[in-house]
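Engineer: This is the structure I want to talk about, given as structure tokens.
Readers should treat all values here as calculations from the given coordinates under stated rules, not as data from a laboratory. These figures come from a predicted structure and were not determined experimentally.
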Amino acid sequence: MTTDPASTAADGFNPTIHAPNRLKICAALYAAGSGGQVEFATVQDKLQISASVLSKQVSTLVGEGYVHQNRATRDHRQRVWLSLTKEGRAAYEAHVAALRAIVEG
């Protein structure tokens, strides 16, 4: 009996992460490593999107428990640092594996 790659891929496919900007956000945060944080402005520059678009997408990921926001004052300014949660890392890894299974299937 052979396994259908599309059905196997569907197991890890995550529609929340799949939206292009959210996928890029997760990829940027994943690259920071486990426990790594990336400043909001750095993610914004990397993705070349407005602060409001990034904020909306981050809010969706925070709402799912995939991203954690840490607010801190630095250089007399309020800064926001983003990181993937443990659940976010697992969901991102599963989604990437699902995409690979679809593409390579």
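Engineer: Helix 20-31 sits at what angle to the longest principal axis of the chain, using alpha carbons and giving 0 to 90 degrees rounded to 10?
Structural biologist: 80
Engineer: Follow-up question, since we're still on this one. Before anything else, pin down the relative contact order of region 16-97: Cα pairs under 8 Å, at least 6 apart, normalised by residue count, whole percent.
Structural biologist: On the way: 96 pairs, mean separation 28.4, N = 82.
Once divided by the residue count of region 16-97, the mean separation gives 35 percent.
Engineer: So how long is each side of region 16-97 along the principal axes, counting just the alpha-carbon atoms, biggest first, in Å?
Structural biologist: Largest to smallest, the principal-axis extents are 41, 24, 21 Å.
Engineer: Helix 51-63 against the longest principal axis of the chain: what's the angle in degrees, Cα atoms only, rounded to the nearest 10?
Structural biologist: Result, in degrees: 60.
Engineer: Return the long-range amide H neighbours of residue 36 (sequence gap of 5 or more, or a different chain), with a cut-off of under 5 Å between placed amide H atoms.
Structural biologist: Those qualifying (amide H under 5 Å, at least 5 residues apart or on another chain) number zero.
Engineer: Something else now. What angle, in degrees between 0 and 90 and rounded to the nearest 10, separates the Cα long axis of helix 86-104 from the longest principal axis of the Cα atoms of the chain?
Structural biologist: The helix 86-104 is inclined about 40 degrees to the chain.
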